[in-house]
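Note sheet for the following structure.
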Amino acid sequence: MAVYWCTEVIPLAVTSLMPVVFFPLLGVQTSKKVCLQYLNSTNMLFFGGLIVAISVEQWNLHKRIALKVLLILGVKPALLMLGFMIVTAFLSMWISNTATTAMMVPIVQAVLDQLDTTEHELTTVEPATGQTNTAIELEEKSKSGSTTVSGVSNEQVTGDPKSSEENKTWKRICKGMTLCVCYAASIGGTATLTGTGPNVVLKGQMNQLYPDSNDIVDFASWFGFSFPNMVLMLALAWLWLQCSFMGLNIKKNWGFGTEKTDKEKAAYSVLKAEMKKLGPMSYAEINVLLLFILLVVLWFSRSPGFIKGWANILFKGGEKYITDSVPAMFVALLLFVLPAHKPKCIGWNPSMSDPEQGEEDKKKPFLSAPLLEWNVVQRKMPWNIVLLLGGGFALADASANSGLSAWLGRQMTPLGSIPPWAIASVISLITAVFTECTSNVATATLFLPVFSSLAESIRIHPLYVMLPGTLSASFAFMLPVATPPNAIVFSYGHIHVLDMVKAGLVMNVIAVCCVSLAINTWGRPMFQLDTFPAWANSTRNQ
C-alpha cells in the first residue's frame, strides 16, 4: 500500500480499499473488524466538518468574509499581501485548502489585473476603459487558460530601461501575491483538527493505537497547540515573501505617511465592486454563520480540561460517550433541516397591504428548501479523502494487532541515544521532504504508526514525535504537484517551478524551525511530553 500510495499507479482511494480484501484473506483480521475502521468516530468528525464547510461555500459566506477583511486592512502592497494571507489561513482552518485557494486566487488576480490596467491608463494618453470592466469581472472557478493570457500580457517590454525595470518589479509582485495564497492555505489548515487530512489521521491513529489515552488529542487541545504555531509561521512567511518579492522599502510597501495612489484606489474599487455584487447578507448566510459559530463553541466547550464541559454537565457519563464527532454531526443535521428562506407567517395576509406582492407570494412554495441539499453534498464531498483515512486507520489497527508495530519499535531502539528534541527535528525534516512528492494524508498515514513505534521503543511520549510528523506532512511548499493549492496557483501563469522551489525551500526551513520551537516550549506542559505515559506503556505490554 505504501508503494501504491507513493507511485499512484491506481487512485489513492482505490489503494485504501486493499485491507478489506487482503487482511481477511491472509488471516490478519476479520472482515468485520477491518470494515469498522472506514467510518469510525474520527472519520465521522471529518465528514461532519466537511458538510459544514460545503454549506459555507454553497452560500458564499467565505467570499464575504474574505472581502470584508481585505477592505478593512487596506490595499498598500504589504497590507494587501497580509490581508490575503490572513483571510486564506483563517478560511482554510475550517474549509478545505483547495476550495479556499480556488476562491482566493481569482480575487487576487482581479486586483492585480486592475492595478496593471491603472498603470497603463496612467502612462498612456487614451484611457483603456474596456480593460477595467474585464478586470472587475470575477468568476469563482477561473480557467487557467484565461488567467495565463492576462499574466502574459504584462510582459510588454519596451526599449526604455526604466519600463523594463518596472516590468520586472511588477512580475515579482504578481509572484509574491499569488504564492502567498497557497502557502497561507497550507499553513492555516494546520491550526484546527478538521483543517486538513493529516490532523485527522493523527486523531484516528491515537484512538487506534492508544485507546486508553483518554482522548488526549481533541479539538480544543489541538487548537491550543497548533494555533500559536500557525500565527508564528504565517508572520514569518509574510516577512520572507516581502523580502523576496517586494524588498524592504517600508515607506512604499506599508504606506506610512503617504496618501493612496491611483493604483491603490483602483484595487480598493475592485474589492468594493465584488462586495457590492454579494449584496446584503441573506437569511441563509446568517443561519449558516450562526451554525458555524455554534459548532466551534460546542467543540471548544465539550471538555475544556480546566473546567467541566457540557458533555459532563448535561449528560451522565458524557465524557465517555461523547466525542467531537457528535457536535459535528449535530450541526450537519441542522443544515438539512433549517430553511434557507425566512418562513411565512400564517396569520398575516400580504394581499391586504400589497395585492401584487400577495399574488407573487402565493406562487412561491410554502415550505422553503433547506440550507443544504444532499445532491450538493454528493457533488462537493471529497469521498476519496474519507476512504483514504479509513484505509489508513485499518492499516494502523492491523499493524498494532499483528505485532508489526512492536517489531518496528524494537528495530529503532538504537535511536534512544539521540536527544528527543533532535529526533523530533529530524522527523519534521524527513516528513516535510517526503510530502513534496506524496499526498499529505498518505504521508501521515504511512509515517505515524512508525513514529509511535519509535516513541515506545525509546520510551518517550508518543506525541513528542507524532505531532511534528503530522504538522510537517502539510508543509508542501516547493513543488506545484505537492498539493492542490500549489497547483491552482501555478496554473495562473505568474510563477515558474524555480520560483516556487526557491521560495518553498526557505519556507520548509521556517516551518521545521517553528514546529521544533512549538513542541519544545508550550507543547511540553500542554501534553506533558517530558513523561512516558502509562497508557502508552500498557499498550506496548499487550
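The values are calculated or read from the model by the stated rules, or taken from the named source; none is laboratory data. These numbers come from a predicted model, not from an experiment. We place every Cβ from the backbone using ideal geometry, glycine too, and count neighbours over all the protein chains shown. We work out accessible area using only protein heavy atoms, side chains counted, and drop any ligands, DNA or RNA first. Shrake-Rupley method; radii C 1.70, N 1.55, O 1.52, S 1.80 Å.
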Meets criteria (touching a Phe, Trp or Tyr at 6+ places or on another chain (Cβ under 8 Å) and either surrounded by 24 or more Cβ atoms within 10 Å (Cβ to Cβ) or at pLDDT below 90 (or both)) for VAL465: yes
Filter result for LEU80 (under 22 Å from the mean Cα position of the chain (by Cα), in contact (Cβ under 8 Å) with a residue 60 or more places away in the chain and farther than 30 Å from ALA394 by Cβ): yes
Pairs with Cβ under 7 Å, 6+ apart, first in region 97-112 and more than 23 Å from THR169 (Cβ to Cβ), second open to solvent by less than 10 Å² (accessible area, probe 1.4 Å) and not in a helix (DSSP H, G or I): ASN97/GLY189
Qualifying positions in region 293-318 - touching a residue at least 40 places away in the same chain (Cβ under 8 Å) and open to solvent by 50 Å² or more (accessible area, probe 1.4 Å): PHE300, GLY305
The lone exception for ALA400 - which of (1) at pLDDT below 85; (2) surrounded by fewer than 17 Cβ atoms within 10 Å (Cβ to Cβ); (3) within 20 Å of LEU36 (Cα to Cα) it fails: (2)
Selection status of PHE393, modelled with pLDDT of 85 or more, touching a strand residue (DSSP E or B) at 6+ places or on another chain (Cβ under 6 Å) and surrounded by 12 or more Cβ atoms within 10 Å (Cβ to Cβ): no
Sole residue being at pLDDT 90 or above, over 30 Å from ILE519 (Cα atoms) and surrounded by fewer than 15 Cβ atoms within 10 Å (Cβ to Cβ), chosen from LEU290, LEU248: LEU290
Helices (runs of 4 or more DSSP H) lying entirely in region 370-466 (those with 2 or more residues that are more than 25 Å from the chain's Cα centre (by Cα)): 383-402, 404-411, 420-434, 440-458
Those residues of region 15-34 which are part of a helix (DSSP H, G or I), surrounded by 15 or more Cβ atoms within 10 Å (Cβ to Cβ) and of a type outside the set (Lys, Arg), in sequence order: THR15, MET18, PRO19, VAL20, PHE23, PRO24, VAL34
Residue in region 409-417 that is open to solvent by 50 Å² or more (accessible area, probe 1.4 Å) and among the charged types (D, E, K, R) present: yes
So GLU126, is it modelled with pLDDT under 50, acidic (Asp, Glu), farther than 19 Å from GLU264 by Cβ and surrounded by 12 or more Cβ atoms within 10 Å (Cβ to Cβ): no
Scan of region 74-90 for residues that are within 25 Å of GLY197 (Cβ to Cβ) and either outside any helix (DSSP H, G or I) or open to solvent by less than 10 Å² (accessible area, probe 1.4 Å) (or both), ordered by number: PHE84, MET85, VAL87, THR88, ALA89
SER474 vs. criteria of a type in the set (Gly, Ala, Ser) and surrounded by fewer than 24 Cβ atoms within 10 Å (Cβ to Cβ): no
Considering residues of region 324-347 that are open to solvent by less than 40 Å² (accessible area, probe 1.4 Å) and either over 23 Å from the mean Cα position of the chain (by Cα) or polar (S, T, N, Q) (or both) only, the residue nearest to ASN40 (Cα to Cα): SER325
